[in-house]
Structures are given as C-alpha cells and as structure tokens.
Amino acid sequence: MVTRLLASDSSIDVVGTAENGQVALDRIEELNPDLVLLDIEMPTMDGIAFLRELRRRRHFNPVLVFSSLSRRGALVTIEALAAGAADYVTKPSTVSTNGELPRELRAILVDKLHALAQRAPRLRQSGLSPPSPLLRPSLQPTSNRRIEVIAIGVSTGGPMALAEVFASMSGTVPVPIVVVQHMPKLFTEQLATSLSARTPLQVHEATHHAQLLSGHVYIAPGGQHMRIRRDASGIPRVLLSDEAPVRSCRPSVDLLFESVATAYGPRALGLVLTGMGSDGLLGAQTIRAAGGEIYAQDEATSVVWGMPGEIVKAGLASKVLPITEVARELTRRLVARE
C-alpha cells in the first residue's frame, strides 16, 4: 500500500523493500537510498535495533518511522527518535475498501519525505552534518538584561535536538523552560519521561494551571494549546486549551510565544529549533516587539530548516547557532543579572 501511494508522486522512486531490519541493512548497502521509511514492529530485527545498527555502520540516511497512535506506539516512537530517526508518521486506523491508504496520509507522508530529502545529499557527503559558520544575525540582542523564561518551539527532529540542549545544561537552570513540540497526545507524555531520564532537568508534560518553577521544563500536551499567564498575584501559570488549530498547529508555537511576550516582556528569550513550516514566526515577532530575544538553530544542524529558517530570513534572530552550541549560549546568557 505504501509503495503504491508513493508511486503516485513522480519525484519519488521506491528503489527497494525489505521484510525485516536485517534484510534492510543488506539492501541499504546495495541500493544506497536517499531516505528510509521504517516500521518498528518487524521479525528477526525490529526497527529500533535496525536504527542503532544503521548508525553504527555510519549510514546517516534520514529515516522516517511509521508509528501506531497508542501508548506503546508513542513509547517506541520516542525510542526510535532517540536512536536517530528524523521524524515519524502515524499509521491510519483503517484503510479504504479497495486497500488504499487515506488521502490525507499521502499528503503528510509525501510532504515529510520531500522535506527530509533536502537533507539527504549533505548527510550522504559528510556522514554527519558539521556546524556551519554562524550566519550574521540581522538584529543584535536588545540588552544584557536578565532573562526570566526560555520558550522553545520545535517540530521535525525535535526530540534529538531537545535532548542535545537539555543534556548539556545544568539541573540548576535559574528560569523555567516552556516547550511546544509538534506531537500528538501520548507522544508528548513519553517525550517528557524520556527527556527527564536522559538529562539533568526535570521535564514534565504541562498541566493546566501549573506554576512555572525555575529549573523545570514544561512540554505542551499533544493536541492542546499552551499559554503562559500571570495570576492575580503575578505568578506565571500554564493555561491549556482545546481551541482550534492555529495555522494547522495544535499546540501552536505562535500562541506560546505571544503569551510569553505578554507575561515576561523584554525578559523573555525564544528559541526556534529544527522543524517543518513556519510556526513560531508571528510569535517571534511579538517577542521581539516586546524587547525580548530570539535564537534560531542553524541550517547545517537542523533536520529540516523550516521553522528556524523562517526566523532567520525574517531578520528576527539575534543569534543563529549549531545545536551543539545552544546550551552553552543559553547558559552564558542566563548569567546576566541586570
């Protein structure tokens, strides 16, 4: 079914298939594909073992994982993303009477494959994507004033990017960190659990009306918008809602950033990491207008340079950083006490 679906796009050539991970490893050596579409549950060698062996053999083809929309599916998907998968697509619960996959899945799958394909040539040439020279930011930091919150927007490639940043930060970060990662419900819960176990920070799936505490990370639940508002006593709290998607996104980076700009003004720092699309662009404009700062991940280390690329192209980034330098720069910036 997947092969037939992909064959409907003339720019995609399915060069081979494999019934399990072991056969896939042999076929990849032979066929050298640009991209790999991977199931997790397979006989002989499952998807997680396949991913780890693929990376051990120094093959850095972007891998898109097929996942089931279940608690077990969420758990193994987060594990696959941690093992090196670039992104995932959830399997449909049903197929049509003629054995075809839903049309909406085709659009999502093809869009993600095209986005990842832009990374394939560079990954193949270098094995790893080395940090590029920093782009010249078009805006300088507004001041060295004290930062009181970090707001992060991320999508495709996010779990690995977040793990990279959080693992390199101290567990005594003096501000709260709020995150929108484009994922369905169940997936964000598993992501928070995984990051909390793998990094020194306390990472939670956010709950309604939770008070923001320094050194804690709050991830917006899948399928819900997250805003930050101050209560009558001035305490910043999480507000969750089931409002309609904003520009096709729920949770929305734009809504989070706009609320952070209102709650923290010039003491907010927004960070836009790897991801498809342009979510976060309008919110970043709001943070800058309030006197805050915006950092963006560079193109060379992004799985997809959509969201951070839009920030850079709009001239909103005061710093453009490889993912390996983000934690160091955030730590340096948080030292300011004005």
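Each value in this text was obtained by applying a stated rule to the coordinates, not by laboratory testing. All values reported here derive from a predicted model rather than from experimental measurement. All Cβ positions, even for glycine, are placed from backbone atoms using ideal geometry, and neighbour counts span all protein chains on display.
Evaluate the distance, in nm, between pseudo-label points positioned 7 Å from the Cα of ARG328 and of ALA167 along their respective Cα→Cβ axes.
Those two pseudo-labels are separated by 1.7 nm.
Gaussian network model of the chain, Cα springs within a sub-10 Å range: biggest mean-square fluctuation belongs to which of LEU239, LEU31, LEU186?
Ranking LEU239, LEU31, LEU186 by mean-square fluctuation puts LEU31 first.
Roughly speaking, what is the centre-to-centre gap between the range 146-192 and the range 49-91 when only Cα atoms are used, to the nearest Å?
The two parts, judged by their Cα centres, are 19 Å apart.
Taking every pair of alpha-carbon atoms in the range 149-334, give the share separated by more than 25 Å as a whole percent.
23
With n ≥ 4 as the cut-off for DSSP H runs, can you work out [θ] at 222 nm for the chain, using -39500 (n - 2.57) per run divided by the number of residues, rounded to the nearest 500? Don't jump to the answer; show the numbers that get you there.
Details: 12 runs with 123 residues, N = 338.
Value at 222 nm, helices only, nearest 500: -11000 deg cm²/dmol.
Angle check, please: helix 187-198 long axis (alpha carbons) against the longest principal axis of the chain (alpha carbons), in degrees 0 to 90, nearest 10.
70
Compute the long axis of helix 158-167 from its Cα atoms, compare it with the longest principal axis of the Cα atoms of the chain, and write down the angle in degrees, 0 to 90, nearest 10.
50
Hey, any idea what the orientation-averaged projected area of the convex hull of the range 1-61's Cα atoms comes to, in nm²?
Working: hull surface 16.6 nm².
It is 4.1 nm².
What number, in nm² with one decimal, is the all-direction average of the projected area of the convex hull of the alpha-carbon atoms of the range 277-338?
4.4
With each label point set 7 Å from Cα along the Cα-Cβ vector, what nm distance links ARG247 and ASP13?
3.6
Quick one: if the Förster radius is 22 Å, what FRET efficiency do ALA232 and GLN202 give, using the C-beta to C-beta distance and rounding to 0.05?
Efficiency at R0 = 22 Å is approximately 0.25.
Regarding the chain, what is the average projected area of its C-alpha convex hull, in nm²? All intermediate terms of the calculation are to be shown ahead of the outcome.
Numbers: hull surface 68.6 nm².
With every direction weighted equally, the projected area is 17.1 nm².
Mind checking Rg over Rh on the range 56-114, alpha carbons, Kirkwood formula for Rh?
Radius of gyration over Kirkwood radius for the range 56-114 works out to 1.03.
How are the alpha carbon pair distances in the range 4-105 distributed across 10 Å bins from zero to the largest one, expressed in percent?
Per 10 Å bin, starting at 0, the Cα pair percentages come out as 14, 45, 34, 6, 0.
Net charge near ALA284, counting Lys/Arg +1 and Asp/Glu -1 over other residues with Cβ under 11 Å of its Cβ?
Residues close to ALA284 contribute a combined charge of -4.
To the nearest 20 Debye, how big is the dipole of the range 36-91 about its Cα centre, given +1 on the beta carbon of each Lys and Arg and -1 on that of each Asp and Glu?
Dipole size: approximately 180 debye.
What whole-number distance in Å separates the alpha-carbon centres of the range 287-338 and the range 202-225?
What the calculation gives is 21 Å, centre to centre.
If you place +1 on the Cβ of every Lys and Arg and -1 on the Cβ of every Asp and Glu, how big does the dipole about the Cα centre of the chain come out, in debye to the nearest 20?
Around 960 debye, computed over the chain.
Can you tell me the length gained on complete extension of the stretch ARG146 to GLN22, counting 0.36 nm per residue apart and subtracting the Cα distance?
39.4 nm
Note down the net charge around ALA74, summing +1 for each Lys or Arg and -1 for each Asp or Glu among other residues with Cβ under 13 Å from its Cβ.
Net of charged neighbours comes to +1.
Can you tell me, using C-alpha contacts under 8 Å and at least 6 residues apart, the relative contact order of the chain as a whole percent? Before the final figure, lay out the partial values.
Working: 713 pairs, mean separation 54.5, N = 338.
Value for the chain: 16 percent.
Amide H neighbours of GLU205 under 5 Å, at least 5 residues apart or on other chains, H built in the peptide plane: list them.
The answer is ILE219.
Where does the longest stretch of the chain lie that holds no trypsin sites (Lys or Arg not before Pro) found in a DSSP loop with 12 or fewer other Cβ atoms within 10 Å?
Of all site-free stretches, the longest is 59-336.
Using Cα atoms only, what is the angle between the long axis of helix 253-264 and the major principal axis of the chain, expressed in degrees (0 to 90) to the nearest 10?
Value to nearest ten degrees: 20.
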